[in-house]
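The values are calculated or read from the model by the stated rules, or taken from the named source; none is laboratory data. Predicted model, so just to flag it, every value in this text is computed and none were measured. Note: ideal-geometry Cβ built from the backbone for every residue, glycine included; neighbour counts use all protein chains shown.
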Amino acid sequence: MQERSSFLIVANRLPVDRVGESEWRRSPGGLVTAIAPVMQRRDGAWLGWHGAADEKLEPFDYDGMHLIPIPLSALEVERYYEGFSNATLWPLYHDVVATPVYSRVLWDAYRRVNERFAQAAAEAADEGAVVWVQDYQLQLVPAMLRRLRPDLRIGFFLHIPFPPAELFCQLPWRREILEGLLGADLVGFQRPGGASNFIRLSRRLLGLPHQKNEIHVDGRVVRAQAFPISVDFGEYDNLVRRPEVIARAKEIRAELGDPDHVLLGVDRLDYTKGIGQRLKAFGELLAEGTIQPGEAVFVQIATPSRERVEEYRRLRNDIELSVGRINGEHGILGMQPVQYLHQSYTRQELAALYLAADVMVVTPLRDGMNLVAKEYIACHHDLRGALVLSEFAGAADELKHAFLVNPYDVDGLKRAMVAGMRATPHELARRMRFLRRRVSTYDVNRWAGEFLSALERPSTVQPLASAG
Ligand code: GDG
């Protein structure tokens with residue numbers, strides 16, 4: 001029998017990627033960085049899929065973390081992960097910017113896989129353990145796990161937006177999803193709006209009463225609250241002070257032909273990120289002569305993502321078409337105004353790009369938080385650089401000193417990009433100082449710490465005996 005843990009993370013993916021046959025490497029990302037020390041301190045375990053279909057692996061230790069791989073068949077990857085998670089929930093929770101697929105076959109797979117995660121967590125958790133379930137792929141796990149193990153303290157955090165009732169109610173399995181989440185003691189969201197959508201839906205669809213942000217269900221109290229996620233500020237701040245990163249940033253600018261302005265976009269190639277909108281705005285600025293070719297270069301890093309999902313293939317074609325068009329119309333020999341890179345980079349190279357960029361363009365149509373915006377800020381202790389930020393990213397709640405835009409408004413986008421390019425160094429420094437104050441004080445460690453202490457703090461509200 002396996003050893004049981006007093007602290008568990010349950011996430012779709014384990015925090016490691018395979019390199020070669022059997023070597024592992026810690027996957028990049030603030031979540032792992034924030035949680036790894038807690039895991040080490042508390043003798044914790046992490047449950048998740050290891051990334052290869054049709055393969056069963058035994059639990060193993062890596063980098064001071066106990067990892068419990070959950071197997072998925074190729075069909076489950078297709079139906080639970082690419083299907084219900086990424087073709088149903090992802091577009092539905094992002095303002096229906098693409099049409100969600102509603103299919104009972106996909107839903108069945110989602111339910112079955114969630115059940116497997118819950119079973120595995122029930123077996124791995126010690127008496128009274130704290131279990132923290134992550135994200136939209138596992139929304140049924142809290143209730144399934146509570147049924148198996150009522151002694152546990154269960155938290156859930158949603159990394160993507162939680163939609164308003166008008167959209168959520170499209171989902172044929174809306175009650176099941178709500179009931180799934182309500183199995184937790186604490187449900188965390190990126191923005192206060194997500195928490196209030198959830199509270200309102202619990203009342204409207206399930207008739208559950210609430211006091212402020214506490215929902216009464218089955219004689220228990222479930223708290224719904226916003227915990228805006230953040231980045232490892234110190235890591236980026238240190239990276240960009242390293243001589244080799246500074247040298248690389250200079251080299252990048254030189255390779256781009258030393259233009260007056262380097263604009264940068266860094267995104268997974270996803271239709272929620274508004275990549276097409278920002279390229280259109282940039283193309284129009286060139287077409288009308290507001291900026292001259294050679295004066296500004298737009299570097300768009302589009303990391304490959306979910307390439308087997310139909311909508312993502314279509315997006316890739318659309319973006320590549322519009323990049324080709326802009327470069328065809330406005331390029332000059334040896335100089336292309338848009339540098340489009342459909343590749344992944346190391347963290348160090350990303351940091352050099354952030355450091356090299358004068359204007360960071362982050363224009364999602366909807367985004368839970370957007371870590372790229374915060375990483376850019378963490379990379380600018382030089383107080384240089386402008387952040388153009390969509391008001392539909394969760395980050396906009398905190399980053400009021402960015403150049404905020406509505407990404408659907410092409411003229412507004414153009415104005416914000418130009419304002420970012422033309423602002424005085426004094427104005428940019430003033431804004432950057434405010435932005436850095438926020439991101440350095442509310443970093444990812446603080447986020448994890450606040451979530452976990454809220455989860456372990458009992459509610460002061462008396463549960464209603466037979467609510468619901
Ligand atoms: C979801 C929510 C929420 C990108 N390209 C490369 C690379 N990245 C890294 C970035 C950043 C991360 O990926 C992307 O995070 P975002 O927050 O921007 O977006 P999602 O992937 O959609 O994340 C989002 C987040 O969860 C956390 O809760 O903020 O709203 O949608 O860290 O730097 N990293 C490396 N190479 C790349 O080429 N190493």
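Considering only residues of the range 232-255 that are free of Cβ contacts under 8 Å to residues at least 40 places away in the same chain and of a type in the set (Gly, Ala, Ser), which is farthest from the ligand (Cβ to nearest atom)?
Only one residue fits best here, namely Ala254.
Looking at the range 163-196, which of its residues are under 25 Å from Leu106 (Cβ atoms), surrounded by 15 or more Cβ atoms within 10 Å (Cβ to Cβ) and out of contact with any helix residue (DSSP H, G or I) (no Cβ under 7 Å at 6 or more places or on another chain)?
Listed by number, the residues that qualify are Glu176, Ile177, Gly194.
Quick check on the range 410-461: of everything there that is in contact (Cβ under 8 Å) with a residue 12 or more places away in the chain, not in a helix (DSSP H, G or I) and not hydroxyl-bearing (Ser, Thr, Tyr), which residue is farthest from Gln134 (Cα to Cα)?
Among those that are in contact (Cβ under 8 Å) with a residue 12 or more places away in the chain, not in a helix (DSSP H, G or I) and not hydroxyl-bearing (Ser, Thr, Tyr), it is Ala423.
Among the helices (runs of 4 or more DSSP H) lying completely within the range 159-210, list those that include at least 2 residues that are of a type in the set (Gly, Ala, Ser) and within 16 Å of the ligand (Cβ to nearest atom). Reasoning before the result, please.
On the way: elements: 165-168, 174-181, 192-206.
Ranges flagged: 192-206.
Starting from the range 290-309, take each residue that is more than 17 Å from Leu413 (Cβ to Cβ) and of a type in the set (Ser, Thr, Tyr) and list its partners that are away from the ligand (no atom under 11 Å from the Cβ) and modelled with pLDDT of 90 or more, counting only C-beta distances under 7 angstrom and pairs at least six apart or across chains.
Ser305/Tyr312
Being of a type in the set (Lys, Arg) and more than 16 Å from the ligand (Cβ to nearest atom) narrows it down to one of Arg384, Arg366, Arg316, Arg306, so name that one.
Working: Arg366 fails: more than 16 Å from the ligand (Cβ to nearest atom); Arg316 fails: more than 16 Å from the ligand (Cβ to nearest atom); Arg306 fails: more than 16 Å from the ligand (Cβ to nearest atom).
Exactly one residue qualifies, and that residue is Arg384.
In the range 270-300, which residues are surrounded by fewer than 20 Cβ atoms within 10 Å (Cβ to Cβ) and in a loop (DSSP other than H, G, I, E, B)?
Glu288, Gly289, Thr290, Gln292, Gly294, Glu295
Tell me, which residue of the range 256-269 that is within 16 Å of the ligand (Cβ to nearest atom) and of a type in the set (A, V, I, L, M) is surrounded by the fewest Cβ atoms within 10 Å (Cβ to Cβ)?
Of the range 256-269, the ones within 16 Å of the ligand (Cβ to nearest atom) are 264-269.
Remaining after also requiring of a type in the set (A, V, I, L, M): 264, 266, 269.
Working: Leu264: 24, Val266: 24, Leu269: 20.
The residue in question is Leu269.
Take the residues in the range 19-41 that are more than 16 Å from the ligand (Cβ to nearest atom) and over 23 Å from Ala118 (Cα atoms); name whichever of them is surrounded by the most Cβ atoms within 10 Å (Cβ to Cβ).
Among those residues, the one meeting the criterion is Trp24.
(1) surrounded by fewer than 18 Cβ atoms within 10 Å (Cβ to Cβ); (2) in contact with a Leu (Cβ under 7 Å, 6 or more places away or on another chain); (3) among the small types (Gly, Ala, Ser): which one isn't true of Gly44, the others all being true?
(1)
Quick check: anything in the range 444-461 within 16 Å of the ligand (Cβ to nearest atom), more than 23 Å from the chain's Cα centre (by Cα) and surrounded by 15 or more Cβ atoms within 10 Å (Cβ to Cβ)?
No, because not a single residue in the range 444-461 is within 16 Å of the ligand (Cβ to nearest atom), more than 23 Å from the chain's Cα centre (by Cα) and surrounded by 15 or more Cβ atoms within 10 Å (Cβ to Cβ).
Identify, from the list Leu57, Leu67, Leu47, the residue that is more than 16 Å from the ligand (Cβ to nearest atom), touching a Pro at 6+ places or on another chain (Cβ under 9 Å) and free of Cβ contacts under 8 Å to residues at least 24 places away in the same chain. Spell out the reasoning first.
Details: Leu67 fails: free of Cβ contacts under 8 Å to residues at least 24 places away in the same chain; Leu47 fails: free of Cβ contacts under 8 Å to residues at least 24 places away in the same chain.
Just one listed residue meets the conditions, Leu57.
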